[in-house]
Amino acid sequence: KLEKPKKKKKKQDTSGDSEDSSISEEEKKAIADMAAKEAKPFSIADTMVTLATRAGFGDYQVNAAMGLAKSLGMNPRECASMIVEKIRPKIEDFMEEPEIAGPGFINLRFKPEYLTSVVEYMASDPAGRLGLPKVSKPQKIIIDYSSPNIAKEMHVGHLRSTIIGDTLSNLLSFSGHDVVRLNHVGDWGTQFGMLVEHLRDEYPAALSLETSQDVDLGDLVELYKAAKKRFDVDDEFKARAREGVVNLQAGNDEEIAAWQALCAASRVEYQKIYDMLGIKGLQERGESFYNPYLKDVVEDLESKGLAVESEGATAVFLEGYTNRDGTPLPMLVRKSDGGFNYATTDLAAIRQRVEMTSEDGGERANRVLYVTDAGQAQHFDMVFSAAKMAGYVPEGSSLEHVPFGLVQGEDGKKFATRSGDTVRLKDLLNEAVRIAGDDLRARTENENVPDDVIDQVARIIGIGAVKYADLSMNRESNYRFSYERMLSLNGNTAPYMLYSYARICGIIRKASGQEVVANIKWPEASKITITDESEMELIRSIVRLPDILTEVEQDLYPNRLCDFLFETSQKFNKFYESCSVNKAESPEVKSSRLTLCTATAGTIRLVMNLLGIEVVEKM
Ligand code: ARG
């Protein structure tokens with residue numbers, strides 16, 4: 001952000017030694033630094049330069065002059081021309097003469113030669129990273145996502161977390177950061193008491209470390225329901241369950257064996273979902289990992305006067321957090337029975353993730369992202385402020401909640417099956433693949449496509465559609481789940497994008513005389529010659545890619561990637577309507593257009609892959 005210079009409006013300097021004497025040396029330096037900092041080609045990491053809001057305003061805008069002029073007591077247009085003087089030498093190689101508009105906006109427009117050279121450069125690496133640079137200062141970034149709970153159903157909320165978290169991880173590691181993908185599974189806590197005791201009665205072999213790994217626990221959701229039922233009606237069982245938790249936390253063999261059996265069985269279940277989704281590199285590091293640190297956290301908070309006794313439990317009270325009736329809202333860190341809370345684990349995790357050095361087994365991350373439903377916003381707000389107050393968050397580390405809205409049925413109501421049951425993720429994903437497969441078979445009826453090819457493409461389309469539908473929405477909104485919409489070949493959908501990609505591959509194959517056999521051979525990038533406005537428009541869209549990536553890296557809204565893809569493919573269609581590739585007016589123009597096709601295809605492929613979606617060369 002633009003830091004406003006501290007000094008307020010100044011009176012005219014009486015020394016009269018220079019023309020702009022109303023500005024101090026310090027202020028001049030600030031302006032020069034700011035203006036000269038970035039405006040660099042290929043990326044706009046600096047916030048002073050923003051993407052132009054309208055095509056007529058050029059490619060970038062600098063809106064700083066107005067604010068700056070105000071705090072310096074200058075005329076804004078004068079201030080703008082001063083900035084232009086500073087920027088010009090840095091940008092004249094690739095930008096047209098800056099234009100000052102209105103009250104002091106500076107519009108920057110790339111020179112066409114620069115834009116075409118960027119696209120030529122991108123097209124020279126179509127199957128790779130399109131020549132995009134990595135960040136110069138890589139950060140260590142932990143992304144806490146997916147995070148289902150052991151022995152409970154993995155639900156659509158976890159699906160959203162998995163899809164969004166995976167995309168952010170892909171993007172940040174593509175940018176060159178050191179990304180640690182953590183699955184913070186709910187594998188600890190009071191529910192294990194009743195589960196363990198239920199196993200003691202129903203699956204005694206699960207309570208021995210020797211035999212527990214061979215026990216088939218059947219349907220875990222049913223098991224959970226049965227244990228819960230007993231817990232709710234049977235006081236003797238309830239008492240045993242309480243004792244079970246204590247024994248588990250004390251590391252007793254029998255309870256540990258049963259707990260491991262439950263974790264292993266759950267892991268098998270959610271691994272099936274990850275395999276279907278193609279999720280890789282996600283490490284399980286559940287709540288139990290932080291168990292050894294919990295006691296210290298509470299004692300530390302107590303010693304700092306942050307945690308206090310409250311109705312037998314221990315709690316942190318933070319300013320500004322109240323219940324509906326206005327009474328202070330406690331953040332519980334230790335229950336009256338001595339057990340610890342969800343917040344305690346998150347505080348311990350923060351210490352391990354940002355405070356503790358690697359010598360002590362810490363991660364020392366620069367950034368930690370928590371991808372969960374918006375319903376947990378207050379939890380994270382409170383945990384983050386308590387952690388900061390307790391001094392767990394060093395300078396240069398940031399904790400960021402990345403909230404998302406609910407998944408709803410098509411009618412906007414709760415997402416459920418026709419009979420009102422919760423939808424199992426496996427069924428949900430299989431259904432998308434089935435519809436995609438039926439549709440493919442119908443469209444390719446006369447083409448003799450082998451079954452395994454149909455199945456493979458159907459899987460990419462079906463799973464891709466579920467992912468894309470989720471990612472293309474602003475994540476903070478609730479999202480209505482509709483197979484029909486997400487699988488449509490028209491609109492901002494995965495099938496449309498996959499189809500556009502396959503179509504461009506088809507154009508390239510045809511133009512370069514390639515058979516549809518193995519993988520496509522990308523044509524060598526050649527010089528771009530512009531003959532039509534639609535070509536320039538496509539180029540202007542493609543070259544925004546690095547800026548879009550930078551934006552998403554900062555603000556964490558993956559829908560910008562989808563919007564970008566959609567716009568680029570629409571620009572491509574316009575181009576293809578007005579410009580023939582195969583019947584181009586000259587060989588130079590033909591290679592130029594092939595280079596445009598290559599850059600577009602490479603862009604689509606790259607962004608789809610960041611979204612966790614494979615592409616297919618033929619559909
Ligand atoms: N297991 C939690 C849930 O199902 C999500 C955990 C999120 N991560 C965290 N560090 N609290 O809602």
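Among the chymotrypsin sites (Phe, Trp or Tyr not before Pro) in region 487-538, none is located in a DSSP loop while being surrounded by at most 14 other Cβ atoms within 10 Å of its own Cβ.
Note on region 418-489: Kirkwood hydrodynamic radius from all Cα pairs is 13.3 Å, rounded to one decimal. Looking at region 312-397, the trypsin sites (Lys or Arg not before Pro) that sit in a DSSP loop and have at most 12 other Cβ atoms within 10 Å of their own Cβ are Arg324. The share of alpha-carbon pairs in region 426-542 lying farther apart than 25 Å comes to 39%. Distance from the C-alpha centroid of region 287-305 to that of region 413-478: 44 Å, rounded to the whole angstrom.
Taking every Cα-Cα distance in region 260-320 and sorting them into 5 Å bins from zero, the calculated P(r) comes out as 4, 13, 15, 14, 11, 8, 10, 13, 9, 2 percent. Computed from phi, the 3J(HN,Hα) profile of region 407-419 under the Karplus parametrisation 6.51, -1.76, 1.60 (θ = phi - 60°) reads 8, 10, x, 4, 7, x, 8, 4, 6, 7, 6, 4, 7 Hz, with x in place of Gly and Pro. All Cα-Cα distances of region 72-207, cut into 5 Å bins from zero to the largest, leave 2, 8, 9, 9, 9, 9, 10, 10, 8, 6, 5, 4, 3, 3, 3, 2, 0 percent in each bin in turn. Overall dimensions of region 233-280, expressed as equivalent-ellipsoid semi-axes from the Cα gyration tensor (√(5λ), whole Å, largest first), are 31, 14, 7. The ranking of Leu399, Leu68, Leu282 by Cβ neighbour count inside 10 Å, starting from the fewest, reads Leu282, Leu399, Leu68. Kirkwood radius and radius of gyration were both taken over the C-alpha atoms of region 135-276, and their ratio Rg/Rh is 1.09. Both radii come from the Cα set of region 346-505: Rg as radius of gyration, Rh as Kirkwood radius; their ratio Rg/Rh reads 1.14. A Förster radius of 25 Å, combined with the Cβ-Cβ distance separating Val308 from Ala250, puts the computed FRET efficiency at roughly 0.40.
Taking 0.36 nm per residue of separation and subtracting the Cα-Cα distance, full extension of the segment from Glu524 to Thr211 would add 106.6 nm.
Neighbours of Val616, meaning other residues whose beta-carbon lies under 12 angstrom from its beta-carbon, give a summed charge of +2 when Lys and Arg score +1 and Asp and Glu score -1. Working value for region 294-383: equivalent-ellipsoid semi-axes of 24, 18, 11 Å, each the square root of 5 times a Cα gyration tensor eigenvalue, largest first.
The length gained by stretching the chain between Glu96 and Ser578 to full extension, at 0.36 nm per residue less their Cα-Cα distance, is 170.8 nm.
Calculated translational diffusion coefficient of region 71-115 (37 °C, 0.692 mPa s; Stokes-Einstein with Kirkwood radius over alpha-carbon pairs) equals 295 µm²/s.
Placing R0 at 45 angstrom, the Cβ-Cβ distance between Arg88 and Met356 gives a FRET efficiency of 0.40 after rounding to 0.05. From most to least packed by mean Cβ count within 10 Å, the peptides 528-538, 310-320, 587-597 give 587-597, 528-538, 310-320. Within region 572-619, the percentage of alpha carbon pairs spaced more than 16 angstrom apart rounds to 49%.
Phi-derived couplings, Karplus 6.51 cos²θ - 1.76 cosθ + 1.60 at θ = phi - 60°, listed residue by residue for region 606-613: 4, 5, 4, 4, 4, 6, x, 10 Hz, with x used for Gly and Pro. The ellipsoid that matches the Cα gyration tensor of region 512-619 has semi-axes, each √(5λ) in whole angstrom, of 26, 18, 11, with the longest given first. Helix content alone sets the calculated 222 nm mean residue ellipticity of the chain: runs of n ≥ 4 DSSP H residues at -39500 (n - 2.57) each, divided across all residues, give -15500 deg cm²/dmol. What is the distance in Å between the Cα centres of region 495-552 and region 597-613? Each part's Cα centre sits 9 Å from the other's. Restriction of the GluC sites (Glu not before Pro) in region 187-277 to DSSP coil positions whose beta-carbon has at most 13 other beta-carbons within 10 angstrom yields Glu210.
Note on region 44-138: Cα Rg divided by 2.2 N^0.38 Å, N the number of residues, gives 1.27. Three principal axis extents describe the C-alpha atoms of the chain; from largest down they are 83, 83, 46 Å.
Relative contact order for the chain: 14 percent, from Cα pairs under 8 Å spaced at least 6 residues apart, divided by residue count. Volume of the convex hull of region 354-417 (Cα atoms only), normalised per residue: 105 Å³.
P(r) for region 140-223, from all Cα pairs and a bin width of 10 Å, is 16, 34, 24, 19, 7, 0 %, short bins first.
Coordinate-derived values only; no laboratory data. Nothing here was measured: the structure is a model prediction, and the numbers come from that model. Because the Cβ atoms are built from the backbone with ideal geometry, glycine has one as well, and the counts that use them run over all protein chains shown.
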